[in-house]
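Enquirer: Submitted below is the structure of interest, expressed as structure tokens.
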Amino acid sequence: MTAIADRADRFLELHRGARPLLMPNAWDGGSARMLASLGFEAIATTSSGFAATLGRLDYGASREEMLAHSRELVDAVTVPVCADMEDCFADDADGVAETVRLALETGLAGCSIEDWDQSARELLPIDVAAERVRAAAEAAHASGGARMVLTARAENHIRGVTDLGDTVERLQAYQEAGADVLFAPGLVGEAHLREVIASVDLPVNVLVVRGTPTVDELAALGVSRVSVGGAFAFAALGAAAEAGRELFEQGSYGYLDGAAAGIKAARGAFTV
């Protein structure tokens, strides 16, 4: 448990540097190990990328599958791992707390909780979402030598709700509820990012999407962490799909150039 606490402390400290913590999202143990070998100091999971490895779309993995996946990544690398736990696979605060307790047992340094109800396909009311964040935070900060960094997510901007005031209100409520890091995926404009960062006291994570400012620009705004979501996983799938189409439709082997780069990366990251 002390090792888990140390990893969580190190993970939180990485949010306090002069530049944002660059935290790529891995989709299996091999990709986690490869990304860590490139020098990244922390790794995240991706719910959509992991679901794709199972032949499913996002939200297609069960809690048990997500926990086993998280342990796989924790075992694959020595850097802190933060898991995308979606809505913590629970309908109420007690269930949220149980998911976070189980996540803590995998050795994760952190996990996230979002305020999107996938079954109803709507945002949770702020008070309900904040209650769930509070339950998650209490479980993540449990005594006895084990703890995790909790990231609370306001999903508005990737769900078509562009009300910045509501986003700020949600993030402030989640800060008050005990979160360690705040995240509003889909925010890209510098003015909006500046307003969000100024409105809270906790580290803020930014998801890379089209139009996101450069890392240097994000650093100047005060962003603490940058993640990529499922982008790396789907870039890999896209490369495989292109290679397959080339072989199937053209009967040629141009994909071998890309494969050579992959082999080089694997040899630099993997062991026998």
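Enquirer: Report, by residue number, each residue of the stretch 257-272 that is farther than 26 Å from Val79 by Cβ and exposed (fewer than 11 other Cβ atoms within 10 Å of the Cβ).
Expert: Asp257, Ala260
Enquirer: Hey, another quick one. Only one of Gly238, Gly229 is closer than 17 Å to Ala52 by Cα, touching a strand residue (DSSP E or B) at 6+ places or on another chain (Cβ under 7 Å) and not charged (D, E, K, R); which?
Expert: Testing whether each residue is closer than 17 Å to Ala52 by Cα, touching a strand residue (DSSP E or B) at 6+ places or on another chain (Cβ under 7 Å) and not charged (D, E, K, R) leaves just Gly229.
Enquirer: How about the stretch 109-122: which of its residues are surrounded by 18 or more Cβ atoms within 10 Å (Cβ to Cβ) and within 14 Å of Glu86 (Cβ to Cβ)?
Expert: Result: Cys111, Ser112, Ile113, Glu114, Asp115, Trp116.
Enquirer: While we're here: Restricting attention to helices (runs of 4 or more DSSP H) lying wholly within the stretch 202-272, give those where 1 or more residues are touching a helix residue (DSSP H, G or I) at 6+ places or on another chain (Cβ under 7 Å) and farther than 18 Å from Leu22 by Cβ.
Expert: Filter on the stretch 202-272 gives 231-245, 256-269.
Enquirer: Let me ask something else. If I ask for residues that are within 15 Å of Gly229 (Cβ to Cβ) and among the aliphatic types (A, V, I, L, M), which ones from the stretch 43-60 would you list?
Expert: Ile43, Ala44, Ala51, Ala52, Leu57
Enquirer: Filter the stretch 113-165 down to the residues that are in contact (Cβ under 8 Å) with a residue 60 or more places away in the chain and assigned to a loop (DSSP other than H, G, I, E, B), then identify the one that is farthest from Gly186 (Cα to Cα).
Expert: Among them, the one singled out is Gly144.
Enquirer: Being at pLDDT 95 or above, in a helix (DSSP H, G or I) and either of a type in the set (Gly, Ala, Ser) or within 18 Å of the chain's Cα centre (by Cα) (or both) is the requirement here; does Ala179 meet it?
Expert: Spelling it out, it is not the case that Ala179 is at pLDDT 95 or above, in a helix (DSSP H, G or I) and either of a type in the set (Gly, Ala, Ser) or within 18 Å of the chain's Cα centre (by Cα) (or both).
Enquirer: Here is a further query. Taking Ala173, is it more than 19 Å from Ile197 (Cα to Cα), of a type in the set (A, V, I, L, M) and not in a strand (DSSP E or B)?
Expert: Criteria not met by Ala173.
Enquirer: Six or more apart or on different chains, Cβ under 7 Å: which pairs go from a residue in the stretch 171-191 that's farther than 18 Å from Glu86 by Cα to one that's surrounded by fewer than 19 Cβ atoms within 10 Å (Cβ to Cβ) and basic (Lys, Arg)? Could you list them?
Expert: From the stretch 171-191, no pairs qualify.
Enquirer: In addition: Any residue in the stretch 193-200 that is touching a helix residue (DSSP H, G or I) at 6+ places or on another chain (Cβ under 9 Å) and not in a helix (DSSP H, G or I)?
Expert: Checked against the condition, which is being touching a helix residue (DSSP H, G or I) at 6+ places or on another chain (Cβ under 9 Å) and not in a helix (DSSP H, G or I), the stretch 193-200 yields at least one hit.
Enquirer: Can you tell me which residue within the stretch 1-24, out of those that are in a helix (DSSP H, G or I) and in contact with a strand residue (DSSP E or B) (Cβ under 8 Å, 6 or more places away or on another chain), is modelled with the lowest pLDDT?
Expert: Residue satisfying both the conditions and the ranking: Ala8.
Enquirer: Can you give me the ranges of the helices (runs of 4 or more DSSP H) entirely in the stretch 25-101 with at least 3 residues that are under 20 Å from Asp180 (Cβ atoms)?
Expert: Per the criteria, 63-76.
The values are calculated or read from the model by the stated rules, or taken from the named source; none is laboratory data. If you're wondering where the values come from, they're calculated on a predicted model, not measured in any experiment. Counting neighbours? That spans all protein chains shown, and the Cβs are built from the backbone with ideal geometry, glycine included.
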